[in-house]
Amino acid sequence: MTTLAVVGAGSMGAQIAQQAAVHGVKVRLQDQSEEQLRKAVESNRGHLMRRVEKGKLDQHDAEAALGRVRTTTELGEAAGGADFVIEAVFENLEVKRTIFAELDRIAPPQTVLASNSSTMGISQIAGATSRAGLCVNMHFFYPVLVMDLVEIVRGPSTSDETVERAMSMAREMGRTPVLLNKEIDGFIVNRILHSATQEAYRLLDAGVASFEDIDTAVEKGLNWPMGPFRLGDFSGLDVTYNARLHMYSTTGDERFKPSPQLEAKVKAGKLGRKTGEGWYRY
Ligand SMILES: NC(=O)c1ccc[n+]([C@@H]2O[C@H](COP(=O)([O-])OP(=O)(O)OC[C@H]3O[C@@H](n4cnc5c(N)ncnc54)[C@H](O)[C@@H]3O)[C@@H](O)[C@H]2O)c1
């Protein structure tokens, strides 16, 4: 049986741990904060119990899955006996490199070290370890208990065997992996999403249609569950804006320049659902 260590028990780490445990994997979930660990366990219990209420999960299986996640604030306790580690801490390069260096000392020599980073290729992190061949990106999607996809991204030093082990780990967790053979900003999904969203903003800025009609066109014509403006409100317009700004500043490519109307929303503090207003009112 695989033992998985998940480092970081925030929105992503908590559910990555639970998703694996639902599929029979033994999990050690680590966070520096006791409070975060407590919240993660409570939130996961809520998710699984809602499935039980809906008749989608047996009560006994839910309790067993919850019982398979053990929490700790000690990295050594989490990773010391792990076959596989997935890191999901803050999106900060120095924090991630420090954790990978520690994991390299603590985890058994054949253990794979994966990062869930959305923007940092593993080549930026793996150099902090002495096992770059065993390091890889595994990019899950929020909410992990619902979203089926995992993007596996190999760095220039990632070995074929590590890629295979990451693909197998994703499948063992009940998720569908896709492989990127090259590190690229935005990976596949966010790259395509950014291009489509950017086009939607261009249409809006050019006065071609209202944001409501662009959303309706995309929802009815492309069968997306949410149009780009509704989706932006859901994820937070600051997140959408900062992602564009990051792409624009790193590439200098005018195609990524944030829309003036998006910038105005962010400057006015209209960030979407979380502030009660974005493109729509909530
Ligand atoms: N939120 C998303 O939609 C999403 C989607 C895909 C990937 N990601 C990636 O997942 C990672 C985590 O994102 P998140 O949204 O879960 O963040 P989050 O802020 O919800 O959680 C981060 C967690 O890391 C913990 N942490 C920070 N430093 C630590 C340390 N040194 N040791 C142990 N724990 C530590 C924090 O206490 C916190 O619980 C990021 O790399 C992000 O890019 C996020």
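Amide H neighbours of residue 115 under 5 Å, counting only residues 5+ apart in sequence or on other chains, H built in-plane at 1.01 Å?
87, 136, 137, 138
In region 121-220, what percentage of the DSSP-assigned beta bridges are antiparallel, given to the nearest 5? The partial results should precede the final answer.
Values: 4 of 9 bridges.
Counting only bridges with both partners in region 121-220, antiparallel ones make up about 45 percent.
Of all trypsin sites (Lys or Arg not before Pro) in region 42-143, which ones are in loop regions per DSSP and have a Cβ with at most 16 other Cβ atoms within 10 Å?
On the way: sites: 45, 50, 51, 54, 56, 68, 70, 96, 97, 105, 131; in loops: 54, 56, 68, 131.
Passing both the DSSP loop test and the Cβ count: 54, 56.
Between residue 159 and residue 101, what is 0.36 nm times their sequence separation minus the Cα-Cα distance? Round to one decimal in nm. Please list the in-between numbers first.
Working: separation 58, 0.36 × 58 = 20.88 nm, distance 1.88 nm.
That works out to 19.0 nm of additional length.
Give the long-range amide H neighbours of residue 150: residues separated by 5 or more places, or on another chain, with amide H under 5 Å away, using H modelled in the peptide plane at 1.01 Å from N.
Amide H to amide H, under 5 Å and 5 or more residues apart or across chains, residue 150 pairs with 176, 178.
Quick check on the chain: helices-only [θ] at 222 nm, where DSSP H runs of length 4 and up contribute -39,500 (n - 2.57) each and the sum goes over total residues. Nearest 500, please. Please list the in-between numbers first.
Details: 12 runs with 136 residues, N = 282.
Calculated at 222 nm, the ellipticity per residue is -14500 deg cm²/dmol.
Once the other residues with Cβ under 11 Å from the Cβ of residue 211 are scored (Lys, Arg +1; Asp, Glu -1), what is the net sum? Display every interim value, and only then the final one.
Values: positive: 230, 265; negative: 205, 212, 213, 215, 233.
Every neighbour counted, the sum reads -3.
Given H placed on each backbone N at 1.01 Å, which residues far from residue 26 in sequence or on other chains put an amide H within less than 5 Å of it?
HN-HN under 5 Å from residue 26: 2, 4.
Using a 1.4 Å probe on the protein chains only, how many percent of the accessible area of the chain belongs to carbon and sulfur? Please report the intermediate quantities before stating the final value.
On the way: 7240 of 13720 Å².
Answer for the chain: carbon and sulfur cover 53 percent of the accessible area.
Run through the DSSP bridge list for the chain and note the antiparallel percent, rounded to the nearest 5.
Values: 6 of 31 bridges.
The antiparallel proportion sits near 20 percent.
Nearest 0.05, what FRET efficiency do residue 245 and residue 52 give at R0 = 35 Å with Cβ-Cβ as r? Could the numbers behind the result be given before it?
On the way: r = 43 Å, r/R0 = 1.22.
So, using R0 = 35 Å, E works out to roughly 0.25.
Order the following by accessible area, largest value first: 29, 222. Probe radius 1.4 Å; ligands, DNA and RNA are ignored. Intermediate results must be reported in sequence, preceding the final value.
Values: 29 0, 222 110 Å².
The residues order as 222, 29, largest area first.
For residue 147 and residue 216 in one chain, what is 0.36 nm times their gap in residues minus the Cα-Cα distance, to one decimal in nm? Each step should come with its number before you reach the end.
On the way: separation 69, 0.36 × 69 = 24.84 nm, distance 2.31 nm.
Gain on extension, residue 147 to residue 216, equals 22.5 nm.
Just the accessible area per residue of region 1-139, please: how many Å² with a 1.4 Å probe?
On the way: 5990 Å² over 139 residues.
Per-residue accessible area for region 1-139 comes out at 43 Å².
Taking Cα centroids, how far is region 81-111 from region 1-51 in Å?
Between the Cα centres of region 81-111 and region 1-51 lies a distance of 17 Å.
Limiting things to C-alpha atoms, what are the Rg and the maximum Cα-Cα separation (Dmax) for the chain, in angstroms?
Here Rg and the maximum Cα pair distance are 20.0, 58 Å.
For region 40-130, divide the Cα radius of gyration by the Kirkwood radius and give the resulting Rg/Rh value with two decimals. Intermediate results must be reported in sequence, preceding the final value.
Numbers: Rg = 16.3 Å, Rh = 15.1 Å.
That ratio is 1.08, to two decimals.
Quick one: what are the phi-derived ³J(HN,Hα) couplings along region 77-92, Karplus 6.51/-1.76/1.60 with θ = phi - 60°, whole Hz, x for glycine and proline?
After applying 6.51 cos²θ - 1.76 cosθ + 1.60, I find 5, 6, 9, x, x, 7, 7, 8, 10, 10, 8, 9, 8, 3, 7, 9 Hz.
Between residue 59 and residue 35, what is the label-point separation in nm under the 7 Å Cα-to-beta-carbon projection?
If labels sit at residue 35 and residue 59, their model points lie 3.4 nm apart.
Hydropathy at least 0.0 by Kyte-Doolittle, axial extent at least 27 angstrom from the Cα trace: which helices of the chain, defined as entire DSSP H runs, fit? Before the final figure, lay out each step's value.
Working: long enough: 34-53 (28 Å, -1.38).
Result, helices passing both filters: zero.
How many nm is it between the label spots at residue 1 and residue 73, if each spot is 7 Å from the Cα in line with the beta carbon?
Output for this residue pair reads 2.8 nm.
The values are calculated or read from the model by the stated rules, or taken from the named source; none is laboratory data. All values derive from a computational prediction rather than experimental measurement. With ideal geometry, Cβ positions are generated from the backbone for all residues, glycine too; neighbour counts draw on all protein chains shown. Ligands, DNA and RNA are excluded from the accessible area calculation, which covers all protein heavy atoms including side chains. Shrake-Rupley method; radii C 1.70, N 1.55, O 1.52, S 1.80 Å.
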